[in-house]
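Worksheet: the structure to be examined is printed underneath.
The values are calculated or read from the model by the stated rules, or taken from the named source; none is laboratory data. In this text, all values refer to a predicted model and were calculated from it rather than measured experimentally. Positions of Cβ are generated from backbone atoms using ideal geometry, with glycine treated the same way; all protein chains shown enter the neighbour counts. Accessible surface is based on the protein model in full, side chains and every heavy atom, while ligands, DNA and RNA are left aside. Shrake-Rupley method; radii C 1.70, N 1.55, O 1.52, S 1.80 Å.
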There are 2 protein chains.
Amino acid sequence: MSGRLVIAGLGPGAEALVTPDVSAALAEATDVVGYIPYVARLAPRPGLTLHASDNRVELDRARHALEMASAGRSVVVVSSGDPGVFAMAAAVFEAVEGGPLAWRALDIEVLPGITAMLAAAARAGAPLGHDFCAINLSDNLKPWSLIEKRLRLAAEADFAMAFYNPRSKARPEGFVKALDVLQRACGDARPVIFARAVSTPEEKIRVVPLDRCTSEMADMRTVVIVGASTTRIIPRDGAPFVYTPRSVPA
Amino acid sequence: MSGRLVIAGLGPGAEALVTPDVSAALAEATDVVGYIPYVARLAPRPGLTLHASDNRVELDRARHALEMASAGRSVVVVSSGDPGVFAMAAAVFEAVEGGPLAWRALDIEVLPGITAMLAAAARAGAPLGHDFCAINLSDNLKPWSLIEKRLRLAAEADFAMAFYNPRSKARPEGFVKALDVLQRACGDARPVIFARAVSTPEEKIRVVPLDRCTSEMADMRTVVIVGASTTRIIPRDGAPFVYTPRSVPA
């Protein structure tokens with residue numbers, strides 16, 4: 001008997017942002033595997049085993065899921081947001097590539113979800129309405145020099161930018177350096193959006209000019225969006241709208 | 001009486017990829033505004049007026065929606081994918097900025113959706129699993145020189161890249177030039193994914209090495225994803241898995 005492995009995105013937090021596709025996969029699963037807070041979002045039910053594991057054990061978690069699917073189980077690996085954006089899908093395929101050849105014959109499906117930067121952008125207006133890039137600011141898995149290089153080139157390309165994992169207790173200095181690079185490279189007061197815990201009860205959205213940003217405005221639950229040079233602010237009572245126009249004059 | 005304006009993302013095509021949030025907004029709407037094929041995805045019902053308009057009239061459509069919301073209607077502007085990614089949200093905010101001040105006081109909400117590049121990436125594996133950028137290849141609203149500059153800098157930054165609107169009948173030459181820039185800048189056979197009409201009955205996914213890509217592999221319904229230098233292919237029976245590892249060695 002051959003099993004099934006689904007890698008599903010739970011979106012940023014709100015139930016109303018979970019796609020019906022993902023809900024259906026969860027309803028059929030025998031086993032759900034994931035990081036503790038994401039697995040905690042699911043309701044227990046008879047016939048479903050929840051396997052919650054700690055952060056930073058993505059490859060072990062992926063192998064465990066693949067082993068269970070090989071044994072004929074119907075397994076869902078859950079990520080928050082979209083599983084293909086700085087999340088579990090790449091870890092599962094890394095495990096497949098390094099694992100037994102039989103794993104390549106498994107029925108493996110990735111189900112997209114609402115990734116944090118797009119939920120955050122929606123709350124602010126449309127800051128990613130034109131060309132943009134997404135960068136993971138953690139240097140746990142890549143050298144810091146590569147992050148700095150990408151920041152400089154993204155500024156030169158005048159992309160709007162979305163940053164995942166901007167800052168953690170273990171890495172308090174990276175985001176200080178990233179802001180320094182951006183403030184020098186951009187040299188203006190373009191809007192920066194700090195979007196924390198989007199779509200959850202703890203949601204907090206702040207819009208700050210780049211030249212007044214400080215690193216403690218972000219934490220691990222924050223997605224940061226930096227506008228392009230063309231990004232506009234529409235002042236109004238309450239939070240302003242922030243958007244990047246679709247056109248760039250010649 | 002003050003109305004409401006929701007800008008909602010219908011996802012790439014399949015009903016199972018429409019979020020409950022968007023479905024609820026559509027169920028409450030008095031008016032839905034959008035490009036003809038997107039409005040055609042909705043079922044008519046008593047009390048709902050459908051306003052379908054042609055392509056390339058985004059600003060007129062946005063103003064029409066804002067006028068109806070100002071008159072107290074409950075209006076939903078629909079986009080395919082995510083409304084904040086090369087879609088209607090930026091057009092609506094552009095209309096707000098240029099319109100009467102009263103429009104800024106409207107209740108305007110953007111509801112995110114599954115954008116085409118993430119649905120396409122999910123079908124192929126996890127090609128956007130590490131830092132990436134999204135570029136609209138249409139030069140209708142920006143100079144071609146800016147597109148070329150961004151392609152060169154994105155290649156230098158070693159981003160994976162997702163391209164929206166790669167090619168249309170009116171612009172057959174742009175994608176030829178884009179491929180030429182990339183083939184020179186990247187100089188290798190990294191995987192390129194041509195994902196057409198993802199999640200619809202016409203879906204077609206093709207993985208082609210960059211040095212063998214030709215422009216007619218894409219059309220206006222295609223999203224193109226170009227891997228980074230680190231992107232891997234896992235051969236297997238049937239379509240290969242394509243993923244970009246989470247780590248980059250120092």
In region B:226-241, anything under 19 Å from A:Val6 (Cα atoms) and touching a Lys or Arg at 6+ places or on another chain (Cβ under 7 Å) is listed as B:Ile234, B:Arg236
Only one of A:Ala87, A:Ala102, A:Ala62 is crowded, with 18+ Cβ neighbours inside 10 Å, small (Gly, Ala, Ser) and without any contact (Cβ under 8 Å) to a residue 40 or more places away in the chain, namely A:Ala62
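Any idea which residue in region A:102-141 is nearest to A:Val77 (Cα to Cα), counting only those that are acidic (Asp, Glu) and in the same structural domain as A:Ser80 (by TED's automatic domain parsing)? I'd like the intermediate steps shown before the answer.
Filtering region A:102-141 for residues acidic (Asp, Glu) gives A:107, A:109, A:131, A:139.
Then drop every residue that is not in the same structural domain as A:Ser80 (by TED's automatic domain parsing), which leaves A:107, A:109.
On the way: A:Asp107: 13, A:Glu109: 10 Å.
The extreme case among them is A:Glu109.
Condition (residue is farther than 17 Å from A:Arg246 by Cβ, in the same structural domain as B:Ser229 (by TED's automatic domain parsing) and surrounded by 23 or more Cβ atoms within 10 Å (Cβ to Cβ)) applied to region B:142-149: is it met by at least one residue?
Start the filter on region B:142-149 by keeping residues that are farther than 17 Å from A:Arg246 by Cβ, which leaves B:145, B:148-149.
Okay, now just the ones that are also in the same structural domain as B:Ser229 (by TED's automatic domain parsing), so B:145, B:148-149.
If we keep only those that are surrounded by 23 or more Cβ atoms within 10 Å (Cβ to Cβ) as well, we get none.
No; the residues of region B:142-149 include none that is farther than 17 Å from A:Arg246 by Cβ, in the same structural domain as B:Ser229 (by TED's automatic domain parsing) and surrounded by 23 or more Cβ atoms within 10 Å (Cβ to Cβ).
Would you mind listing the strands (runs of 3 or more DSSP E) fully within region A:38-113 where at least 3 residues are within 12 Å of another protein chain (Cβ to nearest Cβ)?
Numbers: elements: A:49-53, A:74-79, A:107-111.
Ranges flagged: A:107-111.
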Considering region B:219-250, residues that are open to solvent by 70 Å² or more (accessible area, probe 1.4 Å) and assigned to a strand (DSSP E or B), and then whichever is farthest from the other protein chains (Cβ to nearest Cβ), we arrive at B:Ile233
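Only one residue in A:Phe163, A:Phe175 is buried (at least 21 other Cβ atoms within 10 Å of the Cβ), outside the structural domain of A:Ala87 (by TED's automatic domain parsing) and assigned to a helix (DSSP H, G or I), so which one is that? Let's see the steps before the verdict.
Numbers: A:Phe163 fails: assigned to a helix (DSSP H, G or I).
Exactly one of A:Phe163, A:Phe175 is buried (at least 21 other Cβ atoms within 10 Å of the Cβ), outside the structural domain of A:Ala87 (by TED's automatic domain parsing) and assigned to a helix (DSSP H, G or I), namely A:Phe175.
Can you find a residue in region A:68-81 that is β-branched (Val, Ile, Thr) and surrounded by fewer than 24 Cβ atoms within 10 Å (Cβ to Cβ)? Spell out how you get there, then give the answer.
Within region A:68-81, the first condition is being β-branched (Val, Ile, Thr), and the residues that meet it are A:75-78.
Filter once more, keeping what is surrounded by fewer than 24 Cβ atoms within 10 Å (Cβ to Cβ): none.
So far as region A:68-81 goes, no, none of its residues is β-branched (Val, Ile, Thr) and surrounded by fewer than 24 Cβ atoms within 10 Å (Cβ to Cβ).
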Within region B:114-141, restricting to residues that are open to solvent by 20 Å² or more (accessible area, probe 1.4 Å) and more than 7 Å from chain A (Cβ to nearest Cβ), the one that is nearest to B:Pro12 (Cα to Cα) is B:Ala116
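Has region A:193-209 got any residue that is more than 30 Å from A:Leu10 (Cβ to Cβ) and in a loop (DSSP other than H, G, I, E, B)?
We begin by selecting, within region A:193-209, every residue more than 30 Å from A:Leu10 (Cβ to Cβ); these are A:209.
From the residues that got through so far, the ones that are in a loop (DSSP other than H, G, I, E, B) too are none.
No, because not a single residue in region A:193-209 is more than 30 Å from A:Leu10 (Cβ to Cβ) and in a loop (DSSP other than H, G, I, E, B).
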